[in-house]
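Presented below is the structure to which this report refers.
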Amino acid sequence: MAIFVNENTKVIVQGLTGGQGKFHGLRNRAYGTQVVGGVTPGKGGQDVEGIPVFDSVADAVKATGADASFIAVPPKAAPAAILEAAMAGVRFIVCITEGIPAQDEARVFNTLQRDFPGTRLLGPNCPGIISPGKCNIGITAGEIAELPSVKGPNVGIVSRSGTLTYQALYELKQKGIGVSTCVGIGGDPVPGTSFVDCLAEFEKDPETHAIIMIGEIGGSAEEEAAEFIKKNVTKPMSAYIAGVTAPAGKKMGHAGAIVSGGKGTAQGKMDALRAAGVKVGLNPTEAGSLMAEIVAGLR
Amino acid sequence: MDLFEYQGKQYFARFDIPVSPGGPADTVEESVKVAEASGYPVVVKAQVQVGGRGKAGGIKLANNADEVRLHAGNILGMDIKGHVVKRVWIEHASDIDEEYYASFTLDRAAKQHLLMLSAQGGVDIEEVAERDPDAIVKLHINPVTGLDEATAKKAAVDAKIPAKAQDGVASILVKLYRCFTEGDCDLAEINPLILKPTGEVHALDAKVSLDNNAAFRHPEWDEYRATEELDAREQLAREKDLQYIGLDGTVGIIANGAGLAMSTLDVVNQVGGTAANFLDIGGGANADQMAGALEVINFDKNVKSIFINIFGGITRGEEVAKGIVEALSRVDLRAPIVIRLDGTNAEEGREILKNAGIPESKLTSKPTMLEAAKAAVELAKK
Ligand SMILES: Nc1ncnc2c1ncn2[C@@H]1O[C@H](COP(=O)(O)OP(=O)(O)OP(=O)(O)O)[C@@H](O)[C@H]1O
Ligand SMILES: [Mg+2]
């Protein structure tokens, strides 16, 4: 078991003929992921090291039976690419594109919610998802993820920041702790998948026994997660929030102050998580050590 | 990118939002000229990118040229919350019957647009929000369906805007929403939105923040870029397309990814050091970007050591290593580097660094973030 993806997930890469798409698509395949096709308009019929390329997602899905898509196209093209995948019936979309305008993200998210409720978007601007030994979609270097152990306990990882996702994987690897699934939800203003979505799945997943959450300053996603944890998460958790010493962003208008009401600081987020029973570390290594203690207790 | 009030008003005008006639001025004499053209009485307004200018004495009414000279003379050069006034905006003074508040932002929690509207606008809006939160109507707008005139009018009614102003407010809300969405704003705020004795509704202030990610479809933003308030280090970083924020410490920081960069700051702080900057070289950083980043850091005279913290995802280890080697041949770095390199192709990267023949006094490699931070802080204290 794992969340969102597993060994049966069939992936197409939108942008497979581009630099990023090719590099990471091939690496994902080398890891063992079923990368069954690529999509680049106008390049249908070609192939990238044996992976067939199609003109549209619909063609690719028809020919390969893919149920997931990995989007690695530039910001201008990404919103349309996401909607094209949803329209073609893709169930799980991972978009790593960085720099999509917030207005486009908000429109895409709400379009998916209204017209394609069966489709889940991970990202944009995220590192992707890896279920070690089963499926790796995105830019994570597979070798830094520790395989889950049959006996457990195994840990689920959910993180907003890309590089801190790897850092978390790395901390667990150093300690020999297995990972069930590691999800990078991305740090953009409107992520397709939230902390709460991931926590709910981890709570249900029998292969996940504990959860690490990596957040950062800004927004209120961590506070919402804390609320959810209090009510719905029974599995033990550790967390780290980046940005304790980050310079406060200057704010111009009053809108932020009226809405946020003290939310958004690293301290506020850490307090909320602690109040929900989460063990909070002051750096990624400490969050890893706290998780090691939790895991030792579960063994 | 934040706009000055006068730029915000120019941006509003593109979307037909009514603003007062006026103009910018950088000197006292220019101020008088603009005032004569705008028609007395005028208001002299400090142009700084921070709220609460009125309360800080940066906004004054002037009835004639002498008063303009007096106020412009005082306001130019004034320090408002750390922002020095280099320019004023002079506009015709309006007769005001009432002051309202209106803004559009993205509510990240609800993943929808948020309209906030109040009949009790003006310089005390934040106190209103605290004392009487119900005086501010909050309406979520689905970005797919948008905002129509009828919904805007209903919001005006709910906000207890008097009947005579409701249509005027609704019409401005629809225009401000267009400015927010088509104009790619993170924030579009009018405070105060005024009702004049003549019954017209009109924007007296403009707080606009633009979404940098949308710059590719807004060539008209180039002129705003030119007036942005950046220090010399930030200017250089901008030219090199790097995410950089200047700070006051002694450890220069380069990391890939905003999260890791923030975490690097945290760790440096925890082991007793201070960061000279925040610098995210981004996901796809290559040799050129790394060399550019080192040049920017080298430009900062306070930097005593440089901590490069890279965890390879999109950024490949060998690219990072090549960048460092190239940068060391291009620029004469004043401070030693401590590097921690992991992730994609980290092995290859470390190999390149080892074989480049760089002396230990210029570059050391550490296996973990914590050890690297300690080493960098140690060097910075020497
Ligand atoms: N053109 C004008 N005519 C008459 N009064 C004006 C004019 N411009 C500003 N004022 C008065 O000055 C007050 C403060 O001006 P404004 O809102 O532009 O600056 P501010 O103090 O920076 O605002 P904020 O508190 O929203 O940050 C207004 O609420 C209004 O009463
Ligand atoms: Mg104002």
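Only one of the numbered conditions (1) in contact (Cβ under 8 Å) with a residue 12 or more places away in the chain; (2) away from ligand 1 (no atom under 15 Å from the Cβ); (3) of a type in the set (D, E, K, R) is not met by B:LYS111, and that is (1).
Results for (1) open to solvent by less than 10 Å² (accessible area, probe 1.4 Å); (2) outside any helix (DSSP H, G or I); (3) within 15 Å of A:VAL94 (Cα to Cα); (4) polar (S, T, N, Q), shown as yes or no for each residue.
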site: A:LEU164; (1), (2), (3), (4): yes, no, no, no
site: A:LEU169; (1), (2), (3), (4): yes, no, no, no
site: A:LYS173; (1), (2), (3), (4): no, no, no, no
site: A:SER180; (1), (2), (3), (4): yes, yes, no, yes
site: A:VAL190; (1), (2), (3), (4): yes, yes, yes, no
site: A:PHE202; (1), (2), (3), (4): yes, no, no, no
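Restricting A:GLY128, A:GLY142, A:GLY133 to those that are crowded, with 22+ Cβ neighbours inside 10 Å and closer than 26 Å to A:GLN167 by Cβ reduces the list to A:GLY128. Of the residues B:VAL331, B:VAL320, B:VAL267, the single one that is among the aliphatic types (A, V, I, L, M) and modelled with pLDDT of 85 or more is B:VAL267.
Could you tell me whether B:ARG108 is within 14 Å of chain A (Cβ to nearest Cβ) and either open to solvent by 10 Å² or more (accessible area, probe 1.4 Å) or within 28 Å of the chain's Cα centre (by Cα) (or both)? Considered against the rule, which asks whether it is within 14 Å of chain A (Cβ to nearest Cβ) and either open to solvent by 10 Å² or more (accessible area, probe 1.4 Å) or within 28 Å of the chain's Cα centre (by Cα) (or both), B:ARG108 comes out as yes. The residues listed here are B:SER361, B:SER365; of these, the one that is open to solvent by 50 Å² or more (accessible area, probe 1.4 Å) and touching a helix residue (DSSP H, G or I) at 6+ places or on another chain (Cβ under 7 Å) is B:SER365. Got at least one residue in segment A:159-174 being modelled with pLDDT of 85 or more and in contact with a Phe, Trp or Tyr (Cβ under 7 Å, 6 or more places away or on another chain)? Looking through segment A:159-174, at least one residue is modelled with pLDDT of 85 or more and in contact with a Phe, Trp or Tyr (Cβ under 7 Å, 6 or more places away or on another chain). Among the residues of segment A:84-131, those identified as farther than 18 Å from A:VAL36 by Cβ and in contact with a Phe, Trp or Tyr (Cβ under 6 Å, 6 or more places away or on another chain) are A:ALA86, A:ARG120.
Please count how many residues of segment A:18-67 are hydroxyl-bearing (Ser, Thr, Tyr), surrounded by fewer than 21 Cβ atoms within 10 Å (Cβ to Cβ) and under 22 Å from A:PHE4 (Cα atoms).
Within segment A:18-67, the subset hydroxyl-bearing (Ser, Thr, Tyr) is A:31, A:33, A:40, A:56, A:64.
Next, from what is left, pick out any that are surrounded by fewer than 21 Cβ atoms within 10 Å (Cβ to Cβ): A:31, A:40, A:56, A:64.
Checking the rest, the ones that are also under 22 Å from A:PHE4 (Cα atoms) come to A:31, A:64.
Qualifying residue count, segment A:18-67: 2.
Could you say whether any residue in segment B:129-151 is within 29 Å of A:ASP188 (Cα to Cα), within 16 Å of ligand 2 (Cβ to nearest atom) and open to solvent by less than 50 Å² (accessible area, probe 1.4 Å)? Yes, some residue in segment B:129-151 is within 29 Å of A:ASP188 (Cα to Cα), within 16 Å of ligand 2 (Cβ to nearest atom) and open to solvent by less than 50 Å² (accessible area, probe 1.4 Å).
Please enumerate the residues belonging to segment B:87-133 that are among the basic types (Lys, Arg) and closer than 17 Å to B:GLY52 by Cα.
Kept after step one, since they are among the basic types (Lys, Arg), are these residues of segment B:87-133: B:87, B:108, B:111, B:131.
Listed by number, the list holds a single entry, B:ARG87.
Taking the criterion of being closer than 28 Å to A:ALA78 by Cα, at pLDDT below 90 and β-branched (Val, Ile, Thr), would at least one residue in segment A:228-244 satisfy it? Within segment A:228-244, none of the residues are closer than 28 Å to A:ALA78 by Cα, at pLDDT below 90 and β-branched (Val, Ile, Thr). Under the condition of being in contact with a helix residue (DSSP H, G or I) (Cβ under 9 Å, 6 or more places away or on another chain) and within 20 Å of A:LYS22 (Cα to Cα), the residues counted in segment A:127-163 number 13.
Of the helices (runs of 4 or more DSSP H) lying entirely inside segment B:243-334, those containing at least 1 residues that are in contact with a helix residue (DSSP H, G or I) (Cβ under 9 Å, 6 or more places away or on another chain) and within 12 Å of chain A (Cβ to nearest Cβ) are B:258-270, B:317-330.
Collect the residues in segment B:190-217 that are open to solvent by 10 Å² or more (accessible area, probe 1.4 Å), over 24 Å from A:VAL190 (Cβ atoms) and either of a type outside the set (A, V, I, L, M) or within 11 Å of ligand 2 (Cβ to nearest atom) (or both), keeping them in residue-number order. Working first, answer last.
Applying the first criterion (open to solvent by 10 Å² or more (accessible area, probe 1.4 Å)) to segment B:190-217 yields B:191-192, B:196-202, B:204-205, B:207, B:209, B:211-213, B:215-217.
Imposing the further condition that a residue be over 24 Å from A:VAL190 (Cβ atoms) reduces the set to B:191-192, B:196-202, B:204-205.
If the condition is that a residue be open to solvent by 10 Å² or more (accessible area, probe 1.4 Å), over 24 Å from A:VAL190 (Cβ atoms) and either of a type outside the set (A, V, I, L, M) or within 11 Å of ligand 2 (Cβ to nearest atom) (or both), then B:ASN191, B:PRO192, B:LYS196, B:PRO197, B:THR198, B:GLY199, B:GLU200, B:HIS202, B:LEU204, B:ASP205 are the ones that fit.
Do you know which residues across segment A:218-245 are part of a helix (DSSP H, G or I) and over 19 Å from the mean Cα position of the chain (by Cα)? Steps first, answer last, please.
As a first pass, look at segment A:218-245 and keep what is part of a helix (DSSP H, G or I): A:221-232.
Answer for segment A:218-245, where residues must be part of a helix (DSSP H, G or I) and over 19 Å from the mean Cα position of the chain (by Cα): A:GLU227, A:LYS230, A:LYS231, A:ASN232.
Any chance segment B:89-100 includes a residue that's within 14 Å of chain A (Cβ to nearest Cβ), buried (at least 17 other Cβ atoms within 10 Å of the Cβ) and within 15 Å of ligand 2 (Cβ to nearest atom)? So far as segment B:89-100 goes, yes, one or more of its residues are within 14 Å of chain A (Cβ to nearest Cβ), buried (at least 17 other Cβ atoms within 10 Å of the Cβ) and within 15 Å of ligand 2 (Cβ to nearest atom). Only residues that are part of a helix (DSSP H, G or I) and either buried (at least 17 other Cβ atoms within 10 Å of the Cβ) or within 9 Å of ligand 1 (Cβ to nearest atom) (or both) were counted across segment B:70-88, and they come to 3.
Checking the structure you have, find out if any residue of segment B:343-357 is out of contact with any Gly (no Cβ under 6 Å at 6 or more places or on another chain), touching a residue at least 24 places away in the same chain (Cβ under 8 Å) and assigned to a loop (DSSP other than H, G, I, E, B). Taking every residue of segment B:343-357 in turn, at least one turns out to be out of contact with any Gly (no Cβ under 6 Å at 6 or more places or on another chain), touching a residue at least 24 places away in the same chain (Cβ under 8 Å) and assigned to a loop (DSSP other than H, G, I, E, B).
Picking from A:ARG160, A:ARG107, which residue would you name as being crowded, with 24+ Cβ neighbours inside 10 Å, at the interface with chain B (Cβ under 8 Å from one of its Cβ atoms) and touching a residue at least 12 places away in the same chain (Cβ under 8 Å)? Even if it seems obvious, please write down each step before you answer.
On the way: A:ARG107 fails: crowded, with 24+ Cβ neighbours inside 10 Å.
Answer to the selection: A:ARG160.
Looking at the structure I just gave you, is B:HIS218 more than 12 Å from chain A (Cβ to nearest Cβ) and either over 17 Å from the mean Cα position of the chain (by Cα) or free of Cβ contacts under 8 Å to residues at least 40 places away in the same chain (or both)? Don't jump to the end; show me each part of the working.
On the way: more than 12 Å from chain A (Cβ to nearest Cβ): no; either over 17 Å from the mean Cα position of the chain (by Cα) or free of Cβ contacts under 8 Å to residues at least 40 places away in the same chain (or both): yes.
It is false that B:HIS218 is more than 12 Å from chain A (Cβ to nearest Cβ) and either over 17 Å from the mean Cα position of the chain (by Cα) or free of Cβ contacts under 8 Å to residues at least 40 places away in the same chain (or both).
Exactly one residue out of B:LEU370, B:LEU379, B:LEU341 is aliphatic (A, V, I, L, M), open to solvent by 40 Å² or more (accessible area, probe 1.4 Å) and in contact with a strand residue (DSSP E or B) (Cβ under 8 Å, 6 or more places away or on another chain), and it is B:LEU379.
Answer with yes or no whether A:VAL73 is open to solvent by less than 40 Å² (accessible area, probe 1.4 Å) and touching a Lys or Arg at 6+ places or on another chain (Cβ under 6 Å). Let's see the steps before the verdict.
On the way: open to solvent by less than 40 Å² (accessible area, probe 1.4 Å): yes; touching a Lys or Arg at 6+ places or on another chain (Cβ under 6 Å): no.
Answer is no for this residue.
The values are calculated or read from the model by the stated rules, or taken from the named source; none is laboratory data. Since the model is a prediction, treat every value here as computed from it, not as a measurement. Note: ideal-geometry Cβ built from the backbone for every residue, glycine included; neighbour counts use all protein chains shown. SASA here: full protein model, heavy atoms, side chains in, ligands and nucleic acids out. Shrake-Rupley method; radii C 1.70, N 1.55, O 1.52, S 1.80 Å.
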